[in-house]
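Input: a single structure, listed below in structure tokens.
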Amino acid sequence: MATYYKYAERGADSQVNWAEVGKGISDMLSEEVKIREQKKSAYDKAYREDTEQLANAPQGKWQDGNRTVNNFAHDMMAQQFIDYKLLKSGQMNERDYTLRRENYKSQSNTLFDLQKLLQAERQSTIDLYQSQEIQGMNISNMADVEAYTDFANASAVIDPYAANINMSIFEDKVVDGKTVRVIKKSTPVNVLKGQIVQKIPTFKVEQAITKDIDSLGDDIDFIYQAATTSKAGTITELIGYGAFQGEYKKKDSKGNPLYPQFADSVKKVDDAIEQTINKYFANPYNISSVLTENTGKYSAESYVWDKDEASKDKSKLLKKIDPLTGLTTLDTDAPHYDEQVAEAREWVKKRMLSQLDSKRQLKTTSQIQLQEPREPSEAKLNRAEKEKMQLNAASAWNQLYTGGTPADKQSAAETLVGLPSAKEMGLLKVDLASKPGTVILKYENSKLNREIPMKGRTFEDFAASGVELHGITDKKKASQAGTGSKVYSDIDFTGVTAGRAGAEPVPIVIPVDVFKAKSDKSADAIQKYLPNGYIAEDTGTWMLGTNTVKITAPDGREISYKSDAKSPKDIITQKAAIENFLKPKTGTAKTGELD
């Protein structure tokens, strides 16, 4: 029979002081009760503070806005009371309650500040858009937010399931023969805030193209030669784009490549261009920028949220909110998205090929006798004669900067228009008058048009910027052409313009600030930008805070606009209509008034 001799020993070592245990448990329970009471007190205090904040919701000077804020405050107090009761009854845990409370509080503050934030950001958005630093999607976003802050047709709605606050726009709808108010569209206030502060930059496509074309190196030299020996005429025709397949893809009657000597090399460059465009458009905002800022087919007003509307109208760009960033972007599932991306790609490719064609005019390459000899051209002139022509062209270009009288600058402009290289490139006009301090070059191919500033840059930089006309790539050598002072001459540029038949006048550009002028100064503000013979006059009741400005053209056409335009959309619409009206002999605006 076994004896458990250690049992007594273990029992002796395991003596428990139950008095101390009892006191410890009692103290622990008392502390838990104390903590619960402190938490309850904290929750009660927070609830009172939230209710007090809502009861004192900010009031403005607009009746519809005050009504919307008051209605929202009462709805939010009711929702928070429901949450508070659920917490106290144990049906909602502390974590969920705290998250919902903080979410409601943050979004309520955003709602109260929405109008103030919109006013603060509106002008900077307009200014950045006018300076081409940001793209049209920003203006569309601003217009969207303005629609939600029209409190006559919009209101704040609480989503108790997602703990979100949405701004909703309402519309009247007939249901079973009765007219009822229904929500047309709805957006969380935090998303609206993001749309206001989001600044989507313009894709500087010209700069990117210039950099990437220069990086193609020796392959481009071969393309120059191929474009000549194939007699395609231009690199654009050789490589092709869109429906046009390009000369290098053509085949003879037997199905063999028409130009096998250089087809592989040209395809290599063509593929490089496609890869470059892929790199550009890896950023979806570059696609929207090219569509609205470059193609000429879309604008800030092209954006919509309605997929049905985008489906019916190919000129509409469908927007969506990116679920990862909460910011506006193009909807890749839009009915016509692929077509629109193809349009953007085609524009970029055309521009790249156009720049290649421009560079070809300036570069002399050795003649490769792959087919038949080239016709006599500048490339066959001896080097000394060619350099002399380049220096003469550079001297005329530099005189645009340094000429001390209007006659000096006019003479230089006429010389440049008459250059053989200028004629070959299709240069139509050298204009210094339309934008004093800037040289405007206009070509038959409008995509080549350039504006080159004189004022505010060094003589050396200006001399180098004329390479497309004088062909001297060495900056130092270009700046040595000509004689006299190397200082910019800021004179009266009126009438300093030279061109050939077929040149179109450079369109008048009216600064956006003109449409923000005080009502009694509106006519004076725009008059100084009008061409000779156009007259602006005040015709409205500016003493009452509004004004109507009427512009009369030399041929009797008239157009009027309101000087109290408030929204970006109104300003942009008025600006475009006035500039179109000012196009000589081509203004399409009829006698009437812009709303």
Residue hits (segment 435-469; surrounded by fewer than 19 Cβ atoms within 10 Å (Cβ to Cβ) and among the small types (Gly, Ala, Ser)) are Gly437, Ser446, Gly456
Being more than 18 Å from the chain's Cα centre (by Cα) and surrounded by fewer than 17 Cβ atoms within 10 Å (Cβ to Cβ) narrows Asp270, Asp308 down to just Asp308
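Quick grid of which residues meet (1) among the β-branched types (Val, Ile, Thr); (2) out of contact with any strand residue (DSSP E or B) (no Cβ under 8 Å at 6 or more places or on another chain); (3) outside any strand (DSSP E or B):
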{"position": "Asn141", "(1), (2), (3)": "no, no, yes"}
{"position": "Ala152", "(1), (2), (3)": "no, yes, yes"}
{"position": "Thr179", "(1), (2), (3)": "yes, no, no"}
{"position": "Lys184", "(1), (2), (3)": "no, no, no"}
{"position": "Thr187", "(1), (2), (3)": "yes, no, no"}
{"position": "Gln195", "(1), (2), (3)": "no, no, yes"}
{"position": "Glu206", "(1), (2), (3)": "no, yes, yes"}
{"position": "Ile209", "(1), (2), (3)": "yes, yes, yes"}
{"position": "Ile213", "(1), (2), (3)": "yes, yes, yes"}
Going through segment 425-435 in order, the residues found to be of a type outside the set (Asp, Glu) and under 15 Å from Asp408 (Cα atoms) are Val430, Leu432, Ala433
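Yes/no per residue for (1) at pLDDT below 85; (2) over 19 Å from Gln195 (Cα atoms); (3) not assigned by TED's automatic domain parsing to the domain that holds Thr210:
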| residue | (1), (2), (3) |
| --- | --- |
| Ser253 | yes, yes, no |
| Asn256 | yes, yes, no |
| Pro260 | yes, yes, no |
| Ser265 | yes, yes, no |
| Gln275 | no, yes, no |
| Lys279 | no, yes, no |
| Thr292 | no, no, no |
| Val304 | no, no, no |
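Go through Ser489, Ser465, Ser479 for me and flag whichever is among the hydroxyl-bearing types (Ser, Thr, Tyr) and closer than 24 Å to Arg351 by Cβ.
Numbers: Ser489 fails: closer than 24 Å to Arg351 by Cβ; Ser479 fails: closer than 24 Å to Arg351 by Cβ.
It is Ser465.
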Is there a residue being in contact with a Pro (Cβ under 9 Å, 6 or more places away or on another chain), farther than 21 Å from Asp513 by Cβ, not assigned by TED's automatic domain parsing to the domain that holds Leu327 and not polar (S, T, N, Q) anywhere in segment 105-115?
-> yes
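Just checking, which of Asp144, Asp150 is charged (D, E, K, R) and crowded, with 18+ Cβ neighbours inside 10 Å? Break it down into steps so the answer makes sense when it comes.
Working: Asp150 fails: crowded, with 18+ Cβ neighbours inside 10 Å.
Step by step, each of Asp144, Asp150 is checked, and only Asp144 is charged (D, E, K, R) and crowded, with 18+ Cβ neighbours inside 10 Å.
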Checked segment 316-334 for anything touching a Lys or Arg at 6+ places or on another chain (Cβ under 9 Å) and part of a loop (DSSP other than H, G, I, E, B); matches are Asp331, Thr332, Asp333, Ala334
Cβ pairs under 7 Å, 6+ apart or interchain, first in segment 401-419 and touching a residue at least 60 places away in the same chain (Cβ under 8 Å) and within 17 Å of Ala464 (Cα to Cα), second basic (Lys, Arg) and surrounded by fewer than 17 Cβ atoms within 10 Å (Cβ to Cβ), ordered by first then second residue, are Thr402/Lys486
Out of (1) over 32 Å from the mean Cα position of the chain (by Cα); (2) modelled with pLDDT under 85; (3) not acidic (Asp, Glu), the one Lys359 does not meet is (1)
Expected output for segment 158-182 (first residue farther than 18 Å from Ala73 by Cα, partner of a type in the set (Phe, Trp, Tyr) and surrounded by 11 or more Cβ atoms within 10 Å (Cβ to Cβ), Cβ below 6 Å, 6+ apart or cross-chain) is Arg181/Phe170
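Out of Thr125, Thr98, which single residue is β-branched (Val, Ile, Thr), surrounded by fewer than 18 Cβ atoms within 10 Å (Cβ to Cβ) and part of a helix (DSSP H, G or I)?
Numbers: Thr125 fails: surrounded by fewer than 18 Cβ atoms within 10 Å (Cβ to Cβ).
Only one candidate passes the filter, namely Thr98.
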For Lys516, the lone unmet condition from (1) at pLDDT below 80; (2) farther than 18 Å from Gln390 by Cβ; (3) among the charged types (D, E, K, R); (4) exposed (fewer than 14 other Cβ atoms within 10 Å of the Cβ) is (4)
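The values are calculated or read from the model by the stated rules, or taken from the named source; none is laboratory data. Being a predicted model, the structure only gives us computed values, none of them experimental. With ideal geometry, Cβ positions are generated from the backbone for all residues, glycine too; neighbour counts draw on all protein chains shown.
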